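The values are calculated or read from the model by the stated rules, or taken from the named source; none is laboratory data. Because the structure is predicted, anything quoted here is derived from the model rather than measured. Here the Cβ is made from the backbone with ideal geometry for all residues, glycine too, and neighbour counts use every protein chain on show. Side chains included, ligands, DNA and RNA excluded: accessible areas come from the protein's heavy atoms. Shrake-Rupley method; radii C 1.70, N 1.55, O 1.52, S 1.80 Å.
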Amino acid sequence: MTDYMTVQAAERILGDLVAIPTVNPVGRPWTGTQPVERAANDTIAGLFAPYAVSIERQAVSPMHENLAVTLPGRSKAGCLLFESHVDTVPADEWLDRAFLPRVEGDLLYGRGSCDDKASLTAMIMAALDLLERGLPAAAPIVLLAAGDEEYAQTGIKHFRAGNIDVAAGIFGEPTRLMPVVQHKGTARWDITVHGRSAHTSRPELGVNAILGAMDLIRDLGVYQEEIRSRYRNPLMTGPAITVSMIRGGRTRNAVPDECTISVDFRVTPGMHPLAARDALIDRVAGLGLELSHSDLQIMTPPLDTPVDHPFSLHVLEICRKIAGSQANLCGEPYGTDASWLSDRAPALVLGPGDISYAHAVDERVSLTEVVACAQIYREIMLTWAG
Ligand SMILES: [Zn+2]
């Protein structure tokens, strides 16, 4: 019998997955001939092939696919979803070593080692351990190796559209084994200030769109402070409005007739990104500027699982038992695929690794933490019946 709950198993499975590049082009030109996740999904499917499980590939787009492995449970209740993403961000700055996994002491280095193949490995280890020992899960388990988390989240959205009965979900991301119950959502779009051009020798004949944008940006700062005092959340910082790009003017000797800013609006649990955007649009309409708003480039709801939900408390108890008494239900400012389950079922984000190593050069994860996480996932699989 293979023992999957060991550092050696974690090193082998994670090392194999890191050695397979699954780089999401994140909006850049793409010339691939198969989904970026395909080769890693082949490896995962191979690990489950000896067992009586259903293995389903879900074609999301020519660029992305999901792999879903379903284990039967003792109850016929809704399933417990374990989701991690297979795609990674590019590794342009360290291509010489990013896909050559190396182990130093307890740490495994390589692109995706932390974000997100560590969580994926821990989920695979936990599921394989149950299968190897013939231990049935309490509820049916769907292990979803999702595509395209790093750009447009089309993998989880495709899964969601399938309307599978999900009773609760664990989303693996680097949280240092802390169960995250809530995080922010996002609305992102462009606002253009319109003016009137004129020769710069007679600026009084024009309307300067850049000066208008300055008024707009100043007002967004005031508005951020207002909503921060209105929407307080003990688990995270308040809502944030960031002007992340600006473009304006055509030539050096003309009053600019147009200036466009990009707005990244992070909303906290209890706010809806669409309603928050509408409220912002209403407010800035009162500034006396001529404005137009682009379509949304990104809209993700916040994760909003109650801290006193039985699923939250159950997972917390297991984390404390296995990872230590310092474990606590947390909130985070960033977003994850868990946003796309939050309105239907309780969802938590939980995984090994530190987010500060994600997307960074020499990304790494502790292998003993991967094993501890696999033990936590395994215990949840054995005990949560919905
Ligand atoms: Zn991730």
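Numbers below:
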read-out: Ordering of 15-25, 174-184, 352-362, 106-116 by burial proxy (mean other Cβ atoms within 10 Å per residue, highest first); value: 106-116, 174-184, 15-25, 352-362
read-out: Two-site FRET efficiency, Asn328 against Ser356, from Cβ-Cβ distance with R₀ of 22 Å, rounded to 0.05; value: 0.70
read-out: Formal net charge of residues neighbouring Asp165 (Cβ-Cβ distance under 13 Å; K, R +1; D, E -1); value: +3
read-out: Accessible area expressed per residue, the stretch 1-158, with surrounding protein chains retained (probe 1.4 Å, Å²); value: 38 Å²
read-out: Average silhouette area of the chain, convex hull of alpha-carbon atoms, in square nanometres; value: 21.2 nm²
read-out: Percent of Cα pairs exceeding the 18 Å cut-off, where the set is the stretch 185-300; value: 52 percent
read-out: Exposure rank, largest accessible area first [Asp165, Asp257; 1.4 Å]; value: Asp165, Asp257
read-out: Rounded percent of accessible protein surface that carbon and sulfur make up, the chain, 1.4 Å probe; value: 53 percent
read-out: Met299 long-range amide H proximity, modeled H, under 5 Å; value: none
read-out: Per residue solvent-accessible surface (Å²) - the stretch 200-355, probe of 1.4 Å; value: 51 Å²
read-out: Simple spin-label estimate for Asp3 and Trp30 in nanometres, 7 Å along Cα-Cβ; value: 4.1 nm
read-out: Partners for Lys157 among aspartates and glutamates (Cα-Cα distance below 17 Å; same-chain residues under 8 apart left out); value: Glu37, Glu56, Glu65, Glu83, Asp87, Asp148, Glu149, Asp165, Asp337, Asp343
read-out: Computed label-point distance, nm, for sites Asn163 and Ser61 using a 7 Å Cα→Cβ extension; value: 2.4 nm
read-out: Charge dipole (the stretch 63-201, unit charges on Cβ, about Cα centre) - positive-most of Ala122, Val103, Ile156; value: Ile156
